[in-house]
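The values are calculated or read from the model by the stated rules, or taken from the named source; none is laboratory data. Keep in mind that this is a model prediction, so the values were computed, not measured. Virtual Cβ from ideal backbone geometry, glycine too; neighbours counted across all protein chains shown.
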Amino acid sequence: MSRLIVKYQDRIYNTILKICNNSDDAAELTQDTFVKVLEHIADFRGKSSFYTWLFRIAVNETINFCRRRFKVVSQSLDGELPNPADMASSDPVRLAQQKEVIALLSEAIGRLDDDHRVVIVLRDIEQMSYSQIAETLGLEMGTVKSRLSRARAMLREILETVLT
């Protein structure tokens, strides 16, 4: 089991962080996810890949947590950017613009309700396929597609409001 934790912990943590927007909560939810996996490993039937089963547990734990918490705290994704000191040849103006765009997107994604934020994160950030998202969230493919379309439209409206 420890090899599975090492293999997936960073990806699980990053996905949870993008959904809940709080590093402390993401760390705790990552730990809770792996505890739940350990407790229920006997329930894994192989109907999906282990990775999909693990992500479904992580996403469900995170959604439930966010719903209980009522308010999602927005956090900048500055930590996701490369360290400017490591990119001496990069244009500082471009790096500043990238940071600003990431901060705007992070804030806009944070304004989406849980259901829409999750599909945006899984599809556009984690680059999961529609079928993987449907399996992870236990939804029909059509529901995933319509929810993603609506989430993108809502995100566009939020960004247009912020940028005008």
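Things to note:
- Test for LEU104: is it aliphatic (A, V, I, L, M) and in a helix (DSSP H, G or I): yes
- Of the residues making up the stretch 99-110, those that are surrounded by fewer than 16 Cβ atoms within 10 Å (Cβ to Cβ) and of a type outside the set (A, V, I, L, M) number 1.
- When VAL119 is tested against (1) in a loop (DSSP other than H, G, I, E, B); (2) of a type outside the set (D, E, K, R); (3) touching a residue at least 12 places away in the same chain (Cβ under 8 Å), only condition (1) is not met.
- Scanning the stretch 112-148 for residues that are among the polar types (S, T, N, Q) and at positive phi yields a total of 1.
- Every pair of residues 6+ apart whose Cβ atoms lie under 8 Å, when the first sits in the stretch 93-114 and is farther than 14 Å from ILE158 by Cα while the second is among the basic types (Lys, Arg): ASP114/ARG67
- So TYR51, is it in a helix (DSSP H, G or I), closer than 16 Å to ILE125 by Cα and hydroxyl-bearing (Ser, Thr, Tyr): no
- Residue match in the stretch 30-48 (condition: modelled with pLDDT under 85, surrounded by 15 or more Cβ atoms within 10 Å (Cβ to Cβ) and at negative phi): yes
- Subset of the stretch 134-164 that is hydroxyl-bearing (Ser, Thr, Tyr) and in a helix (DSSP H, G or I) - its residue that is nearest to ALA108 (Cα to Cα): THR161
- Restricting attention to the stretch 129-164, the residues that are closer than 14 Å to VAL59 by Cα and either in contact with a Lys or Arg (Cβ under 6 Å, 6 or more places away or on another chain) or without any contact (Cβ under 8 Å) to a residue 24 or more places away in the chain (or both) add up to 4.
- Residues that are under 17 Å from the mean Cα position of the chain (by Cα) and exposed (fewer than 15 other Cβ atoms within 10 Å of the Cβ), drawn from the stretch 132-148: GLY138
- Filter pass, ASN22 being modelled with pLDDT of 85 or more, surrounded by 14 or more Cβ atoms within 10 Å (Cβ to Cβ) and farther than 17 Å from VAL119 by Cα: yes
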